[in-house]
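Down below is the structure, laid out as C-alpha coordinates.
The values are calculated or read from the model by the stated rules, or taken from the named source; none is laboratory data. Just so we're clear, the structure is a prediction, and the values are computed from it rather than from any experiment. Note that we place each Cβ from the backbone using ideal geometry, even for glycine, and neighbour counts take in every protein chain shown.
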(Lines give C-alpha, C1' and ligand atoms only; values in the text may rest on other atoms or scores of the structure.)
Protein backbone atom coordinates (compact mmCIF):
# COMPACT_ATOMS: atom_id res chain seq x y z
CA UNK A 1 0.00 0.00 0.00
CA UNK A 2 1.11 3.50 -0.70
CA UNK A 3 0.70 6.66 1.31
CA UNK A 4 1.51 10.32 0.86
CA UNK A 5 2.35 12.81 3.60
CA UNK A 6 2.22 16.52 3.02
CA UNK A 7 4.07 17.93 5.97
CA UNK A 8 2.49 21.39 6.04
CA UNK A 9 -1.25 21.96 5.98
CA UNK A 10 -0.86 25.73 5.54
CA UNK A 11 1.98 27.79 4.09
CA UNK A 12 1.74 31.59 4.14
CA UNK A 13 4.34 33.44 2.10
CA UNK A 14 4.82 36.99 0.87
CA UNK A 15 4.52 37.85 -2.79
CA UNK A 16 7.76 37.42 -4.78
CA UNK A 17 9.29 35.21 -2.08
CA UNK A 18 10.34 31.61 -2.83
CA UNK A 19 8.24 28.72 -1.58
CA UNK A 20 8.67 24.98 -1.03
CA UNK A 21 5.78 22.62 -0.40
CA UNK A 22 6.90 19.34 1.04
CA UNK A 23 5.73 15.86 0.08
CA UNK A 24 6.95 12.48 1.25
CA UNK A 25 5.64 9.14 0.07
CA UNK A 26 5.75 5.61 1.30
CA UNK A 27 5.91 2.73 -1.15
CA UNK A 28 7.74 -0.55 -1.52
CA UNK A 29 7.82 -0.24 -5.29
CA UNK A 30 8.73 2.34 -7.89
CA UNK A 31 6.12 5.02 -8.25
CA UNK A 32 4.88 7.79 -10.44
CA UNK A 33 4.49 11.14 -8.66
CA UNK A 34 2.22 14.08 -9.34
CA UNK A 35 1.41 17.55 -8.07
CA UNK A 36 -2.06 19.01 -8.59
CA UNK A 37 -3.40 22.48 -7.85
CA UNK A 38 -6.95 23.36 -6.84
CA UNK A 39 -8.19 26.93 -7.06
CA UNK A 40 -11.25 27.87 -4.97
CA UNK A 41 -14.44 26.13 -6.06
CA UNK A 42 -12.73 24.35 -8.94
CA UNK A 43 -11.51 20.87 -9.76
CA UNK A 44 -7.88 19.80 -9.65
CA UNK A 45 -5.40 20.64 -12.41
CA UNK A 46 -2.16 18.82 -13.10
CA UNK A 47 0.92 20.93 -12.32
CA UNK A 48 3.62 18.42 -13.09
CA UNK A 49 4.50 14.74 -12.97
CA UNK A 50 7.50 12.50 -12.51
CA UNK A 51 7.48 9.21 -14.40
CA UNK A 52 11.17 8.44 -14.94
CA UNK A 53 14.41 10.06 -16.09
CA UNK A 54 15.57 13.43 -14.82
CA UNK A 55 14.76 13.93 -11.17
CA UNK A 56 14.05 17.64 -11.67
CA UNK A 57 10.66 18.12 -13.25
CA UNK A 58 9.33 21.42 -14.55
CA UNK A 59 5.64 22.16 -14.65
CA UNK A 60 3.23 24.91 -15.48
CA UNK A 61 3.15 28.39 -13.93
CA UNK A 62 6.89 28.32 -13.05
CA UNK A 63 6.68 25.43 -10.60
CA UNK A 64 9.20 22.62 -10.42
CA UNK A 65 9.68 19.55 -8.25
CA UNK A 66 12.58 17.30 -7.44
CA UNK A 67 12.28 13.55 -6.99
CA UNK A 68 14.59 12.19 -4.30
CA UNK A 69 14.40 8.42 -4.16
CA UNK A 70 16.64 7.99 -1.12
CA UNK A 71 14.52 10.38 0.92
CA UNK A 72 11.25 9.30 -0.73
CA UNK A 73 10.38 12.93 -1.31
CA UNK A 74 8.91 15.01 -4.11
CA UNK A 75 8.97 18.62 -2.94
CA UNK A 76 7.39 21.39 -5.01
CA UNK A 77 9.18 24.72 -5.42
CA UNK A 78 8.72 28.10 -7.01
CA UNK A 79 11.41 30.81 -6.89
CA UNK A 80 9.00 33.75 -6.79
CA UNK A 81 5.29 33.44 -6.02
CA UNK A 82 2.41 35.64 -7.11
CA UNK A 83 -0.92 36.41 -5.51
CA UNK A 84 -2.53 34.22 -8.17
CA UNK A 85 -0.65 31.16 -6.83
CA UNK A 86 -2.92 31.16 -3.77
CA UNK A 87 -4.56 27.73 -3.93
CA UNK A 88 -4.49 24.27 -2.41
CA UNK A 89 -1.79 21.92 -3.65
CA UNK A 90 -1.99 18.14 -3.59
CA UNK A 91 0.79 15.60 -3.97
CA UNK A 92 -0.21 12.19 -5.34
CA UNK A 93 1.41 8.83 -6.05
CA UNK A 94 0.56 6.03 -8.45
CA UNK A 95 1.85 2.46 -8.52
CA UNK A 96 2.88 1.64 -12.11
CA UNK A 97 2.71 -2.11 -11.48
CA UNK A 98 -0.79 -2.17 -10.09
CA UNK A 99 -3.86 -2.95 -12.15
CA UNK A 100 -5.84 -0.33 -10.29
CA UNK A 101 -4.11 2.73 -11.76
CA UNK A 102 -5.59 4.92 -9.08
CA UNK A 103 -3.86 7.88 -7.49
CA UNK A 104 -3.35 8.16 -3.74
CA UNK A 105 -3.47 11.78 -2.61
CA UNK A 106 -1.95 13.61 0.31
CA UNK A 107 -4.09 15.76 2.57
CA UNK A 108 -3.17 18.97 0.78
CA UNK A 109 -1.25 22.18 1.51
CA UNK A 110 -3.01 25.53 1.42
CA UNK A 111 -0.62 28.10 -0.04
CA UNK A 112 -1.58 31.68 0.74
CA UNK A 113 0.41 34.43 -0.93
CA UNK A 114 0.31 37.68 0.99
CA UNK A 115 0.76 41.14 -0.57
CA UNK B 1 -14.87 22.13 -24.50
CA UNK B 2 -13.29 18.71 -24.05
CA UNK B 3 -13.15 17.44 -20.53
CA UNK B 4 -15.09 15.88 -17.68
CA UNK B 5 -18.62 17.10 -16.97
CA UNK B 6 -20.32 16.49 -13.64
CA UNK B 7 -23.94 17.11 -12.72
CA UNK B 8 -25.36 18.50 -10.56
CA UNK B 9 -22.97 21.10 -9.16
CA UNK B 10 -24.84 21.44 -5.88
CA UNK B 11 -27.32 19.22 -4.06
CA UNK B 12 -29.00 19.14 -0.67
CA UNK B 13 -30.50 15.84 0.46
CA UNK B 14 -32.39 14.73 3.52
CA UNK B 15 -31.09 11.74 5.44
CA UNK B 16 -32.34 8.56 3.79
CA UNK B 17 -32.93 10.04 0.35
CA UNK B 18 -31.23 8.63 -2.70
CA UNK B 19 -29.58 10.32 -5.64
CA UNK B 20 -27.25 9.71 -8.56
CA UNK B 21 -24.27 11.86 -9.46
CA UNK B 22 -23.56 11.90 -13.16
CA UNK B 23 -20.18 12.08 -14.88
CA UNK B 24 -19.29 12.09 -18.57
CA UNK B 25 -15.99 12.50 -20.40
CA UNK B 26 -15.38 13.16 -24.07
CA UNK B 27 -11.65 12.39 -24.26
CA UNK B 28 -12.03 8.68 -25.09
CA UNK B 29 -10.36 7.76 -21.79
CA UNK B 30 -10.56 4.16 -20.64
CA UNK B 31 -10.42 4.75 -16.88
CA UNK B 32 -12.78 6.75 -14.69
CA UNK B 33 -12.83 7.45 -10.97
CA UNK B 34 -14.95 8.88 -8.18
CA UNK B 35 -13.30 10.67 -5.27
CA UNK B 36 -14.64 12.53 -2.28
CA UNK B 37 -12.86 15.52 -0.79
CA UNK B 38 -13.15 16.39 2.88
CA UNK B 39 -11.26 19.12 4.77
CA UNK B 40 -7.86 17.97 5.97
CA UNK B 41 -8.21 14.56 4.34
CA UNK B 42 -7.34 15.21 0.74
CA UNK B 43 -9.11 13.14 -1.86
CA UNK B 44 -10.16 9.58 -1.13
CA UNK B 45 -11.07 7.08 -3.81
CA UNK B 46 -14.62 5.72 -3.64
CA UNK B 47 -14.84 3.57 -6.78
CA UNK B 48 -13.06 3.33 -10.07
CA UNK B 49 -13.53 1.75 -13.47
CA UNK B 50 -10.35 0.68 -15.23
CA UNK B 51 -12.22 0.08 -18.47
CA UNK B 52 -15.74 -0.14 -19.82
CA UNK B 53 -17.62 -2.97 -18.16
CA UNK B 54 -15.48 -3.15 -15.01
CA UNK B 55 -15.76 -1.43 -11.64
CA UNK B 56 -13.83 -1.84 -8.41
CA UNK B 57 -13.96 -0.55 -4.86
CA UNK B 58 -11.58 2.09 -3.67
CA UNK B 59 -10.66 3.20 -0.19
CA UNK B 60 -14.13 4.34 1.00
CA UNK B 61 -16.87 2.47 -0.95
CA UNK B 62 -19.42 1.91 1.83
CA UNK B 63 -22.76 3.56 1.14
CA UNK B 64 -22.11 4.01 -2.57
CA UNK B 65 -22.67 2.15 -5.82
CA UNK B 66 -21.45 2.90 -9.32
CA UNK B 67 -22.36 2.14 -12.90
CA UNK B 68 -20.08 2.39 -15.92
CA UNK B 69 -22.86 2.93 -18.43
CA UNK B 70 -20.54 3.10 -21.44
CA UNK B 71 -17.05 4.36 -22.17
CA UNK B 72 -18.10 7.98 -21.64
CA UNK B 73 -20.28 7.80 -18.53
CA UNK B 74 -19.66 6.75 -14.94
CA UNK B 75 -22.34 7.43 -12.34
CA UNK B 76 -22.22 7.34 -8.54
CA UNK B 77 -25.32 6.45 -6.54
CA UNK B 78 -26.13 7.07 -2.91
CA UNK B 79 -28.95 4.68 -2.00
CA UNK B 80 -29.71 6.09 1.46
CA UNK B 81 -27.83 9.31 2.14
CA UNK B 82 -26.27 9.94 5.56
CA UNK B 83 -24.82 13.16 7.03
CA UNK B 84 -21.36 11.53 6.88
CA UNK B 85 -21.66 11.64 3.09
CA UNK B 86 -21.67 15.43 3.10
CA UNK B 87 -18.66 16.18 0.93
CA UNK B 88 -17.43 17.44 -2.41
CA UNK B 89 -17.41 14.70 -5.00
CA UNK B 90 -15.04 14.68 -7.95
CA UNK B 91 -15.13 12.54 -11.03
CA UNK B 92 -11.91 12.04 -13.02
CA UNK B 93 -10.78 10.20 -16.10
CA UNK B 94 -7.46 8.95 -17.38
CA UNK B 95 -6.06 7.40 -20.52
CA UNK B 96 -3.50 5.46 -18.52
CA UNK B 97 -1.61 5.70 -15.31
CA UNK B 98 1.31 7.63 -16.74
CA UNK B 99 -0.74 10.59 -17.76
CA UNK B 100 -2.46 11.73 -14.59
CA UNK B 101 -6.11 12.59 -14.38
CA UNK B 102 -8.52 15.11 -15.83
CA UNK B 103 -10.97 16.21 -13.14
CA UNK B 104 -14.51 17.49 -13.30
CA UNK B 105 -15.48 20.64 -11.43
CA UNK B 106 -17.11 18.75 -8.58
CA UNK B 107 -20.48 18.25 -6.91
CA UNK B 108 -21.01 19.81 -3.50
CA UNK B 109 -23.40 17.54 -1.59
CA UNK B 110 -24.95 18.36 1.75
CA UNK B 111 -26.97 15.76 3.65
CA UNK B 112 -29.14 17.16 6.43
key: Filter result (within 11 Å of chain B (Cβ to nearest Cβ) and within 20 Å of residue B:37 (Cα to Cα)) within segment A:21-36   = A:33, A:34, A:35, A:36
note = Of the residues in segment A:43-59, those that are more than 14 Å from chain B (Cβ to nearest Cβ) and touching a strand residue (DSSP E or B) at 6+ places or on another chain (Cβ under 8 Å) come to A:55, A:56, A:58
ask   = What do you reckon, is residue B:51 within 12 Å of chain A (Cβ to nearest Cβ), touching a residue at least 12 places away in the same chain (Cβ under 8 Å) and surrounded by 19 or more Cβ atoms within 10 Å (Cβ to Cβ)?
value = no
Residue under evaluation residue A:17, criteria (1) assigned to a strand (DSSP E or B); (2) modelled with pLDDT of 95 or more, criterion not met = (1)
inquiry  = So if I check each of A:21, A:76, A:47, which one is in contact (Cβ under 8 Å) with a residue 24 or more places away in the chain, in contact with a helix residue (DSSP H, G or I) (Cβ under 8 Å, 6 or more places away or on another chain), under 22 Å from residue B:103 (Cβ atoms) and buried (at least 17 other Cβ atoms within 10 Å of the Cβ)?
reply    = A:47
query = What residue, of A:79, A:18, A:40, A:12, is away from chain B (no Cβ under 11 Å) and under 25 Å from residue B:3 (Cβ atoms)?
reply = A:40
